[in-house]
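Engineer: Below is one structure. I have some questions about it.
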Amino acid sequence: MSALPPAVRVVNLVRRYGGRTVLNDLNLRIERGEFVVLLGESGCGKTTLLRALAGLDHVQGGRIEAPRRPAMVFQEHRLLPWDPLWRNVALGLQAADARARAEAALAEVGLGGRLDDWPRNLSGGQAQRVALARALVQKPELLLLDEPFAALDALTRIRMHALVKQLVARHRPAVLLVTHDVDEAIALADRILVMREGAIAAGYFVSDARDPLALRQSLLAELGVTTFA
Amino acid sequence: MGSALTSTLPASAASEPEAVVPPQHAANPRMVALLSWLAPVLLLLVWEAAAQLGRIPPHLLPAPSKVARTAFHLAVHGSLLHDLGISLLRAAAGFAIGGSIGFALGTAVGFSRIAEALIDRSVQMIRAIPFLALLPLVIVWLGVGEAEKIFLVALGVTFPIYINTTLGIRQVDPKLLELGRVQGLGTAAMIRRIVLPGALPSVLTGVRYALATAWLALVVAETIGADAGIGFLAMDAREFLRTDVIFLTILIYALIGVSADWVARRLERRLLAWHPNFASPGGR
């Protein structure tokens, strides 16, 4: 794996808003096909980092090496209400067989029969599945997920975890997922990074952890949550 | 009203829970629809009867049946259809010109702060003038002819379209524009796939409003001076105290206004099928 160049390399990234430093000399490396979850409290700069990688935000210093067009799923589904599902999935696809590819992508997320349906007829979980299909149909080398399941109910969220795992195993993009949810991180990640004050404060390989509960404890401790177990 | 509801609701809900059930005497909706026609039909019948009995001077208020006969006669032997066609043509031409200008300016201003700085203040200043007040000036410029009428209609149409187009584009969700960037849309695709569809509900509201203004402008322009058209028919009839013809022209103006609004509604329902407010119930 390390013989190939990484999917993402971020060196000494700096981003300031006014007088506040949001990203403070941040360094990050994501291997090809690696699933990295970024944990951190609100305002620690996770979303800013994701937006910088997506090219939605400019930075004041440092260097980003990332695929030119990563795919992204936001916390809100951001489906175009005036387009049927397949046109939503195909948004930005330049292929002649866009409809067929959108159909295949929708089938992958379990919505194969609803090509011509409108977004307003979807539940929150279904809409987020369409957003996933829209991201994956682009065959991205890097998939950025900005708290995509935060607005879903607990059971739907667990189903989405399984779906994401399955899709990522099939398409093998590098993934950077931002979340507050420690259990989500353990369920999905190859590697978990904890972000604090604009930099990566700690990193854990999930496969190294012999005891998921112990991993959970240390992650919570990193986030400043003390439990009495 | 909302605060009154929330303050009274808990008390009444606690004391009599059956209050939530809709009233028992809720009538069958078809009966209600039928009932709503009762008053106009009754009025028409009374009017007809009074006219037949000679209780109303016919040169002030002709019988409805007389108006109907006149309509038939003018349509078959007279110039009614020709005049109607001319009026519709004027409205359509004025609407097309005014609509295009309003849409073009509105789009430019909606997109660019610089275009807004250049255009918006002037447009708002002109808009402050009731456009019908410009009529004497328009007659001096263009004379009494087709150009003057079309100009007046166009003037009335431009502003509602302009305002609603600008508003619609401004209201497009910035999060969707961001999504467009993530999906790699270029500027043209961004406009076509996100900005214009997002602005469409507002633009169509402008179209409906503009249709009403267009008719108003047309009525005024045709009444001032014309040698053909519905307004000409009315003024010509006035010379001969033909109240039945005058009534007919008023009716035609009303009918055309209603049909234009109906067409606009159909357009909305078709173009905005995705929109929850316009969706046909249960449909996809």
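Engineer: In whole Hz, what ³J(HN,Hα) sequence does segment B:28-34 give by Karplus (6.51, -1.76, 1.60; θ = phi - 60°), x for Gly and Pro?
Structural biologist: Once θ is set to phi - 60°, the couplings for segment B:28-34 become 4, x, 5, 4, 5, 4, 5 Hz.
Engineer: Run through every distinct alpha carbon pair of the protein assembly as shown and return the Kirkwood hydrodynamic radius in angstroms, one decimal place.
Structural biologist: 28.8 Å
Engineer: Roughly how many whole Å is it from the C-alpha centroid of segment B:120-160 to that of segment A:66-141?
Structural biologist: When both Cα centres are located, 48 Å separates them.
Engineer: Viscosity 1.306 mPa s, temperature 10 °C: give me the Stokes-Einstein translational D for segment B:160-284 in µm²/s, with Rh taken as the Kirkwood radius over C-alpha pairs.
Structural biologist: D, rounded to a whole number, is 91 µm²/s.
Engineer: Roughly how large is the B-A contact in terms of buried accessible area, totalled over both chains, probe 1.4 Å, nearest 100 Å²?
Structural biologist: Heavy-atom accessible area buried at this interface is about 2200 Å².
Engineer: About the Cα centre, and with charges only on the beta carbon of Lys, Arg (+1) and Asp, Glu (-1), how big is the dipole of segment B:63-283? Nearest 20 debye, please.
Structural biologist: Magnitude of the dipole: close to 740 debye.
Engineer: Still on this structure, I have one more. Equivalent-ellipsoid semi-axes (√(5λ), Cα gyration tensor) for segment B:63-283, whole Å, largest first?
Structural biologist: Largest first, segment B:63-283 gives 39, 22, 11 Å.
Engineer: Also: Using Stokes-Einstein with the Kirkwood hydrodynamic radius over Cα pairs, what translational diffusion coefficient do you get for chain A at 25 °C and a viscosity of 0.890 mPa s, in µm²/s rounded to a whole number?
Structural biologist: It diffuses with D of about 134 µm²/s by this estimate.
Engineer: For the protein assembly as shown: lysine pairs with Cα atoms under 30 Å, gap of 8 or more or different chains, count?
Structural biologist: Qualifying lysine pairs in the protein assembly as shown: 6.
Engineer: What Kirkwood hydrodynamic radius, in Å, does segment A:185-229 give when the mean of 1/r is taken over all pairs of distinct Cα atoms and then inverted?
Structural biologist: 11.0 Å
Engineer: Only bridges with both residues in the protein assembly as shown count here: give the DSSP antiparallel percent, nearest 5.
Structural biologist: 50 percent
Engineer: Turning to a different aspect of this structure: Can you give me the relative contact order of chain B as a percent, contacts being Cα pairs under 8 Å and 6 or more apart?
Structural biologist: That works out to 20 percent.
Engineer: Over segment B:92-198, how many percent of alpha carbon pairs lie in each 10 Å bin up to the one with the longest distance?
Structural biologist: All Cα pairs, binned at 10 Å, distribute as 15, 36, 28, 14, 6, 1 percent.
Engineer: Output the relative contact order of chain A, whole-number percent, from Cα pairs under 8 angstrom with separation of 6+ residues.
Structural biologist: In percent, rounded to a whole number, it is 27.
Engineer: Would you look at the GNM of chain B, springs on alpha carbons closer than 10 Å, and say which of B:Ala75, B:Ala51, B:Ala128 moves the most?
Structural biologist: Greatest mean-square fluctuation among the candidates belongs to B:Ala128.
Engineer: Then there's this: Provide the percentage of antiparallel DSSP beta bridges, counting only those with both residues in segment A:70-213; round to the nearest 5.
Structural biologist: In segment A:70-213, DSSP labels about 45 percent of beta bridges as antiparallel.
Engineer: Could you work out which residue, out of A:Leu106, A:Leu122, A:Leu53, moves most in a Gaussian network model of chain A, that is, has the largest mean-square fluctuation with Cα springs under 10 Å?
Structural biologist: Among A:Leu106, A:Leu122, A:Leu53, the largest mean-square fluctuation in the Gaussian network model of chain A belongs to A:Leu122.
Engineer: Charges on Cβ only, +1 for Lys and Arg, -1 for Asp and Glu, centred on the Cα centroid of segment B:63-283; of B:Ala237, B:Gly145, B:Ala96, which one is farthest towards the dipole's positive end?
Structural biologist: About the Cα centre, the residue reaching furthest to the positive side is B:Ala96.
Engineer: Hey, another quick one. Carbon and sulfur: what percent of segment A:137-180's accessible surface (1.4 Å probe)?
Structural biologist: 55 percent
The values are calculated or read from the model by the stated rules, or taken from the named source; none is laboratory data. Quantities reported herein were computed from a predicted structural model and do not represent experimental measurements. All Cβ positions, glycine included, derive from the backbone under ideal geometry; neighbour counts span all protein chains shown. What goes into the accessible areas is simple: the full protein's heavy atoms, side chains included, and nothing from ligands, DNA or RNA. Shrake-Rupley method; radii C 1.70, N 1.55, O 1.52, S 1.80 Å.
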